[in-house]
Amino acid sequence: MFRNLASPLTPTRAFGLGTLLVLAWGWGMPLGRYITPERGIGYALGIVGGSLMLLLLLYPARKRAAWLRIIGGVPGWFRLHMILGVVGPVCILFHSGFSLGATNSNVALFCMLAVAGSGVVGRYFYTRLHAQLDGRQASLAELQNIADTLTQQASVVTVLPDLMEAIEREEQALLEPAHGPVGRMFHIFTVGIRAAFARWRLHRLIDRTVAGAARRSTTIAGHAGRLAQTARRYADRRLDASRRVAEFRVYTRLFSLWHVLHVPLFIMLLIAGVVHVISVQIY
C-alpha cells in the first residue's frame, strides 16, 4: 500500500490532480461576482466547453473510418479524447458558475456530468483491459496460456500433493461462474478479495504441510524454510494467473455494458446541448 502512495507523479496523475485543484478552487470562489453565462468570459467558456465536447466525436470517427488516418493515429486521438473529456466539462462548470439555472441548462449540465462520470468509469475499465494506451489489448487466450503453463510447472512442489489439490480447488472457485444475477454481481466485484483470501488459506496450508513433512523426514527438515518459500511463491503465481483470467472476463463484460450506457448518454448530452443553445439564442 505504501509503495503505491510513494509512486512517481506521472503526467496523467499530475493532470488529474491539477483538475481537482481547479475544480476545488472554482467551487470555493464566488464566481457569480465575476463570471456570468450570458456575456464575457462566462459566455466564452460555454462556447469553448461545448466545442470541446463536440470534438469528442472525432475519436470514435477516427477508429471507424480508415480514411481519417490523415488526421493522426488512434492512440493520439484516444489521449486527446480523454483530455477533451475533462477540459470540456471543466469549462462548462465555470460557465455555469457551479450553480443551477434554467431548466434546459440544468438538463444539459446534468447530462454532461453523467457523461463525464461515465467516461471516468470507462477509462478505468479500459486500463484494466489494455496493457498500454497504444491500444494493445491483452488476450484472454494469452492469459489462459500463462495459467496453463504454470500448472504444468509443478515439479517443485510435488512433495506436497495436498497443496496441488488445494491450489486447483482455489483456482476453480475463482474461475467458475456464479449462478443467478445476484451471485454473478457479487462474483464480479469480489475477485480480488476472494483471491487474497485464497492466498491466505494456501499459505497456511503450506506452513502446516511443510511442518508435518519436516517432522517425518530429516531431509525435508533441513530445507523446510526454502521449501515453504518456494511453495508459497508457486501458489501465488498460480493464483495470480487465475485472478488475471477471471478479472479479464469480468472487465470485458463490464466494458461492454458500459459502452451500451455511455453512447446513449452522450447522445442525450448532444440533444440537451443543442436545445440549450437554441433556447439561449431565442430567449
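The values are calculated or read from the model by the stated rules, or taken from the named source; none is laboratory data. Note that this is a predicted model, so its numbers are computed, not measured. Remember, those area values only see protein heavy atoms, side chains included, never the ligands or the DNA or RNA. Shrake-Rupley method; radii C 1.70, N 1.55, O 1.52, S 1.80 Å.
So here's what we get for this one:
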{"read-out": "Protein-only accessible surface order, largest first, of TRP25, TRP77 at 1.4 Å", "value": "TRP25, TRP77"}
{"read-out": "Rounded to whole Hz, the Karplus (6.51, -1.76, 1.60) HN-Hα couplings of the stretch 237-253, x for glycine and proline", "value": "5, 5, 5, 5, 5, 5, 4, 5, 5, 5, 5, 4, 4, 5, 6, 4, 5"}
{"read-out": "Heavy-atom accessible area ranking, 1.4 Å probe, most first, across ILE206, ILE267", "value": "ILE267, ILE206"}
